[in-house]
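Some notes on the structure that comes next.
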Amino acid sequence: MPGLLLGDEAPNFEADTTHGRIRFHDFLGDSWGILFSHPRDFTPVCTTELGQAAKLAPEFSKRNVKMIALSIDSVEDHLGWSKDINAYNGDQPEQTLPFPIIADAKRELAVKLGMLDPDERDKDGMPLTARVVFVFGPDKKLKLSILYPATTGRNFDEILRVVDSLQLTAYKKVATPVNWKPGDSVMVIPTLPEDEAKKLFPKGIFTKELPSGKKYLRYTPQPE
Ligand code: BEZ
């Protein structure tokens with residue numbers, strides 16, 4: 001079955017983009033990466049999403065995350081559309097977007113990566129690309145996958161928030177609870193024994209008492 005599961009390695013595809021031809025692994029290098037797909041160029045929701053992605057590009061860059069978009073049109077269309085996206089943002093239309101857009105006119109990548117939305121079709125009856133978010137770690141493995149239908153735009157602030165969680169939990173033995181934001185307390189992972197947790201988290205651990213008597217709700221301040 002086409003698609004990518006958590007832990008899968010990113011396929012090392014070659015593609016034409018608005019920044020030239022790329023090989024995906026070379027593009028990612030040692031960075032984190034986010035690949036976000038779009039149903040079609042010159043469509044309203046996609047334009048607002050790419051505008052917001054462009055505005056947030058410095059935040060992704062600060063986190064060492066390389067951004068790349070994909071849409072099922074040609075590089076020429078993408079370049080024309082980029083002007084509209086810049087204008088939507090109130091920027092100079094001619095400026096280069098801070099991330100490449102992959103041209104997937106034949107939907108080859110969309111099929112390979114399991115991105116098609118069967119409910120949204122173009123005028124020829126062909127399925128459009130759904131709004132996928134793939135986040136890859138520096139090891140090029142898939143760390144997060146979110147799939148939205150074509151009719152629901154994404155929240156890029158939420159995507160930044162999950163990147164913060166992914167990066168924190170990749171390096172520390174913690175998990176982030178519901179509605180966590182950077183700076184909030186985090187949870188000690190359930191498999192970590194109490195004595196090790198005390199050593200690892202010198203800022204202290206607060207365990208909430210529960211009717212079950214089980215001591216699994218263990219908070220600690222966000223580690224550095
Ligand atoms: C849009 O980007 O606005 C859109 C694209 C395909 C289906 C619905 C909306």
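Since every read-out is calculated from the coordinates, none of them should be taken as a lab result. Keep in mind the model is a prediction, meaning the values are calculated, not measured. Note: ideal-geometry Cβ built from the backbone for every residue, glycine included; neighbour counts use all protein chains shown.
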Computed curve, the range 38-162, Cα-only Debye sum without solvent term, log₁₀ I(q)/I(0) at 0.09, 0.19, 0.20 Å⁻¹, is -0.24, -1.13, -1.25
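Before rounding to the nearest 500, sum -39500 (n - 2.57) across all DSSP H runs of length at least 4 in the chain and divide by the residue total; then give [θ] at 222 nm in deg cm²/dmol.
Values: 6 runs with 66 residues, N = 224.
Per the formula, -9000 deg cm²/dmol.
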How big is the equivalent ellipsoid of the range 173-224 along its three axes, where each semi-axis is √(5λ) from the Cα gyration tensor, reported in whole Å from largest to smallest?
17, 14, 9
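Once you charge only the Cβ atoms, +1 for Lys and Arg and -1 for Asp and Glu, what is the size of the charge dipole of the range 51-124 about its Cα centre, to the nearest 20 debye? Write down the numbers at each step before the final one.
Numbers: 10 positive and 14 negative charges, 89 e Å.
So the magnitude is around 420 debye.
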Obtain the nm distance between the two label points defined at PHE13 and LYS123 by a simple spin-label model: each point lies 7 Å from its Cα along the Cα-to-C-beta direction.
2.5
Please report, in debye to the nearest 20, how large the charge dipole of the range 119-191 is about its Cα centre when each Lys and Arg carries +1 at its beta carbon and each Asp and Glu carries -1 there.
300
Which one, GLY137, GLY51, SER74, is farthest towards the positive end of the dipole of the range 27-147 when Lys and Arg carry +1 and Asp and Glu -1 on their Cβ?
GLY137
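Stretched out fully, how many nm does the piece from LEU200 to THR152 gain, at 0.36 nm a residue minus the Cα gap?
Details: separation 48, 0.36 × 48 = 17.28 nm, distance 4.12 nm.
Taking LEU200 through THR152 to full extension adds about 13.2 nm, to one decimal.
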Would you work out the charge dipole size for the chain about its Cα centre, treating the Cβ of every Lys and Arg as +1 and the Cβ of every Asp and Glu as -1, and quote it to the nearest 20 debye?
1100
Under a point spin-label approximation (7 Å from Cα along Cα-to-Cβ), what is the LYS208-LEU192 distance to one decimal in nm?
1.8
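For ARG107 and GLU224, calculate 0.36 nm times their separation in residues minus their Cα-Cα distance, and state this gained length in nm to one decimal. Numbers along the way, then the final one.
Values: separation 117, 0.36 × 117 = 42.12 nm, distance 4.27 nm.
Net length gain for the segment: 37.9 nm.
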In angstroms, what radius of gyration and Dmax does the range 45-112 have, counting Cα atoms only?
12.2, 35
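Compute the signed sum of charges (Lys and Arg +1, Asp and Glu -1) over the other residues within less than 14 Å, Cβ to Cβ, of LEU217. Please list the in-between numbers first.
Values: positive: LYS208, LYS214, LYS215, ARG218; negative: GLU194, GLU209.
Here the count lands on +2.
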Fully extended, how many nm does the chain gain between LEU56 and LEU6 (0.36 nm per residue separation, minus their Cα-Cα distance)?
15.5 nm
Computed over the range 1-41, the distribution of all Cα-Cα distances in 5 Å bins, rounded to whole %, is 5, 16, 26, 28, 17, 7, 0
Dividing the mean separation of Cα pairs under 8 Å (6+ apart) by the residue count of the chain yields a relative contact order in percent of 20
Taking 7 Å along the Cα-to-C-beta vector as the label spot, tell me the ASP84-LYS141 distance in nanometres, rounded to one decimal.
4.0
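Please say if the chain is rounded, prolate or oblate, where rounded means a/c under 1.5 for a ≥ b ≥ c the square roots of the C-alpha gyration tensor eigenvalues, and otherwise the choice is prolate for a/b larger than b/c and oblate otherwise? Show your work: numbers first, answer last.
Numbers: a/c = 2.26, a/b = 2.06, b/c = 1.10.
Because a/c hits 1.5 or more and a/b exceeds b/c, the chain counts as prolate.
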